[in-house]
Amino acid sequence: MRPVLMRELLGETLREQRVAQGRTLRDISGSARVSLGYLSEVERGQKEASSELLSAICAALDVPLSQVLADVSDRMALRENVTTLPVGAAVAYAA
């Protein structure tokens, strides 16, 4: 079984946001100030996006980074067949 890669789920999420808005790679790459080729690689899950780049892409899409990360988390849970977090999981991190 192939491992679930976060960069692929992130790329899927970003692409779906862009397509849902009817926007092109060129439009987003210009707004985010990243090369069209690199953005394409991020969307295809071939490149890891830095936090700065991810923030710029989300700003260009006018989508909160927290929403993108929540969507990625949901996708990860589905792929891992996780339905709920263990009780106290979030609390342990916050402490």
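The values are calculated or read from the model by the stated rules, or taken from the named source; none is laboratory data. Note that the structure is predicted; figures quoted are calculated from it, not measured. Reconstructed Cβ throughout: ideal geometry from the backbone, glycine too, with neighbour counts over all protein chains shown. Accessible surface areas use protein heavy atoms only, side chains included; no ligands, DNA or RNA. Shrake-Rupley method; radii C 1.70, N 1.55, O 1.52, S 1.80 Å.
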Total formal charge among the other residues, if their Cβ is under 13 angstrom from that of Arg75, Lys/Arg +1 and Asp/Glu -1: -3
Reported to the nearest 10 Å², Asp27 has, with a 1.4 Å probe, an accessible area equal to 60
Let me check I've understood the local charge: for Glu41, count other residues with C-beta under 11 angstrom from its C-beta, Lys and Arg +1, Asp and Glu -1. What total comes out? +1
